[in-house]
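Taking it in order: structure first as structure tokens, then the write-up.
The values are calculated or read from the model by the stated rules, or taken from the named source; none is laboratory data. Everything quoted here is computed from the prediction, not taken from an experiment. Cβ: placed from backbone, ideal geometry, glycine included. Neighbour counts: every protein chain shown. We work out accessible area using only protein heavy atoms, side chains counted, and drop any ligands, DNA or RNA first. Shrake-Rupley method; radii C 1.70, N 1.55, O 1.52, S 1.80 Å.
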Amino acid sequence: QVQLVESGGGLVQPGGSLTLSCAPSKSSISVYVMGWYRQAPGKQRELVAAITSVGSTNYADSVKGRFTISRDNAKNTVYLQMNSLKPEDTAVYYCRSFRVGVGESWGQGTQVTVSS
């Protein structure tokens, strides 16, 4: 399985921006579907954004127009650019990889807190 490492979380004021990164400790993710999920306290984990190996994307309605998922296969990294952050975006953000026949892997999560 792929071992994923997220980074880039932190504390930001409402309206601010953060960029999360996800990279495997080893192996290539170029053929994997990659996704960002989040889980707020007391809530279920939800999909935030996903990107296929060829760059097709989809987003949760709550983040459309504010978040952008991208991948750099040369750097073997997936990013989540988050703009216009709101307090309700506060959650632990997880990176996920998926490939048919291989299965899924999850990162350990990175905390994003949006607060003044």
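List of remarks:
- Scanning segment 65-75 for residues that are open to solvent by 50 Å² or more (accessible area, probe 1.4 Å) and modelled with pLDDT of 95 or more yields 65, 68.
- Selected residue (only one of 19, 52, 90, 68 is of a type in the set (Val, Ile, Thr) and touching a Pro at 6+ places or on another chain (Cβ under 9 Å)): 90
- Strands (runs of 3 or more DSSP E) fully within segment 1-100 that include at least 3 residues being over 17 Å from residue 114 (Cβ atoms) and in contact with a strand residue (DSSP E or B) (Cβ under 8 Å, 6 or more places away or on another chain): 4-7, 18-24, 33-39, 46-51, 57-59, 67-72, 77-82, 91-99.
- Residue satisfying all of: in segment 14-64; among the polar types (S, T, N, Q) and in contact (Cβ under 8 Å) with a residue 24 or more places away in the chain; surrounded by the most Cβ atoms within 10 Å (Cβ to Cβ) among these: 21
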